[in-house]
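As structure tokens, the structure follows; a few thoughts come after it.
The values are calculated or read from the model by the stated rules, or taken from the named source; none is laboratory data. Everything numeric in this text was worked out from a predicted model, so none of it was measured. With ideal geometry, Cβ positions are generated from the backbone for all residues, glycine too; neighbour counts draw on all protein chains shown. Accessible surface is based on the protein model in full, side chains and every heavy atom, while ligands, DNA and RNA are left aside. Shrake-Rupley method; radii C 1.70, N 1.55, O 1.52, S 1.80 Å.
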Amino acid sequence: MAAAATATTTSLASSAAHRRLRLLPCSRSTASSILRVPNRGCLCPGFPSVLCASSSSPASPQPTAGGGEEGGEEDKGRRLSKQSSWEAKDSEGDDYLYRLGKEADNMNIAVGARSGIVDDLFVGNFLGKDSDIVFDYRQKATRTFEYLQGDYYIAPLFLAHILKGLLDNYLAHVLNIKIPLILGIWGGKGQGKTFQTELIFRAMGVEPVIMSAGELESEKAGEPGRLIRDRYRTASQVIQNQGKMSCLMINDLDAGVGRFGNTQMTVNNQIVIGTLMNLADNPTRVSIGQKWRESDITHRVPIIVTGNDFSTLYAPLIRDGRMEKFYWQPDREDIINIVHRMYTKDGLSFEDVSKIVDIFPNQALDFYGALRSRTYDRAILKWVEEIGGHEQLNEKLLKRKKGEELPTFIPPKTTVDALIESGDSLVKEQELIMNSKLSKEYMKNLDD
């Protein structure tokens with residue numbers, strides 16, 4: 001009986017031990033602390049002849065003996081993700097993302113290697129967090145006119161029209177009337193249209209986005225129209241993000257899209273005109289190519305354009321309701337006040353300036369600025385002779401040694417007689433151009 005009981009107890013213990021062996025899990029941590037065999041089986045401690053998992057088990061494969069070289073090679077060839085494009089190749093075996101970026105028309109440098117835009121691993125610290133060292137300069141699309149130092153004269157009539165054009169648009173959501181988005185300032189050449197506008201911007205603290213007629217044409221069709229919409233949205237962002245008054249100003253609009261004689265009308269001319277007309281009709285819905293979103297509402301931004309002859313523009317663009325037109329022709333009082341402020345540092349009195357204006361009537365404002373420049377001509381020629389003549393200009397101006405200064409230039413004293421003498425020479429050149437008509441002489445055979 002005792003022997004039978006002992007045999008039964010031994011059998012139960014052995015059975016329980018085998019059941020525990022079947023339940024024992026085979027993990028990586030366990031496998032690393034026990035013996036390894038070529039078939040990757042895991043031997044249980046204390047029972048070398050019993051396997052926890054056979055080589056045909058569906059469990060994850062374990063590193064082989066010899067430091068796991070096979071597993072290391074598999075890790076190197078493993079992709080970051082099945083959905084990742086970092087390692088994608090095109091049909092020619094080249095990097096797909098590089099080719100995609102190379103072929104894209106997007107020239108926005110804001111998506112380059114900038115902190116917060118891409119992973120910090122790819123930004124680095126060699127050139128700082130922003131690898132484009134002139135990024136801030138390029139992004140500064142507005143103008144502040146800090147260079148306009150001095151006490152200049154602002155014509156009251158000009159100021160009134162600028163104020164009206166700006167404030168009407170900023171209060172358009174309050175006023176229950178049709179407000180033209182565009183203010184067109186036109187008039188004779190050299191009458192100070194742009195300069196007066198900049199003086200008013202500086203006095204009011206307006207930071208405008210400024211374009212010129214040279215940006216209204218491109219070798220790519222549609223590029224100038226897109227640029228106008230982009231600058232318009234930039235001015236809207238200035239209003240929204242900086243809390244400053246802004247506007248879009250286009251100088252010499254008629255030179256860019258006007259029709260003169262037999263000039264050719266290009267696709268870009270038509271797109272620019274259509275873009276301005278669309279902005280005037282829908283000033284708060286402006287797209288630069290992205291999908292339309294109901295929440296994408298831009299601030300209404302006033303547009304100010306300058307030109308010499310608006311009759312060359314497309315008639316529907318300048319119609320009432322889209323463009324408020326202002327013809328600027330300064331009168332005698334405005335001219336005298338503007339020129340007097342110009343010559344304040346030279347010590348000329350109000351009476352002296354009035355005398356000069358009366359001697360040279362019907363002249364543009366830039367004529368009186370050219371008088372002052374012409375009085376410096378003789379003094380500059382005298383200075384050139386003092387530094388060794390024109391043969392030494394290259395050495396004195398561009399190849400000076402470090403610390404070596406230019407010879408002192410003494411500006412001439414501006415007098416009424418000197419200004420009148422300069423004015424006479426300028427008038428003679430104007431008459432010569434008007435009377436000679438050399439272009440007709442060169443092309444006389446074309447009239448046959």
Measure of exposure for V427: accessible area at 1.4 Å probe, Å² rounded to 10, is 40 Å²
Of K345/K402; K355/K382; K382/K428; K164/K193; K355/K428, which pairs sit farther than 22 Å apart, going by alpha carbon to alpha carbon?
K345/K402; K355/K382; K382/K428
Using the beta-carbon distance between E333 and I410 and R0 = 25 Å, what value does 1/(1 + (r/R0)^6) give for FRET efficiency, to the nearest 0.05?
0.10
What is the percent carbon and sulfur in the accessible area of region 137-329, measuring with a 1.4 Å probe over the protein chains and ignoring ligands?
52 percent
Alpha carbon centre of region 314-369 versus region 173-223: separation in Å?
19 Å
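Nearest 5 is fine: what % of DSSP beta bridges in region 137-329 come out antiparallel, could you say? Provide the component values of the computation, followed by the final result.
Working: 1 of 18 bridges.
Restricted to region 137-329, the bridges split so that about 5 percent are antiparallel.
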Return one whole number: the accessible area per residue of region 137-329 in Å², for a 1.4 Å probe.
50 Å²
Simple SL model, points at 7 angstrom along Cα→Cβ for Q242 and I387; separation in nm is 3.7 nm
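What is region 137-329 by shape, rounded, prolate or oblate, if you read a ≥ b ≥ c off the alpha carbon gyration tensor as root eigenvalues and call it rounded for a/c under 1.5, prolate for a/b larger than b/c, and oblate otherwise?
rounded
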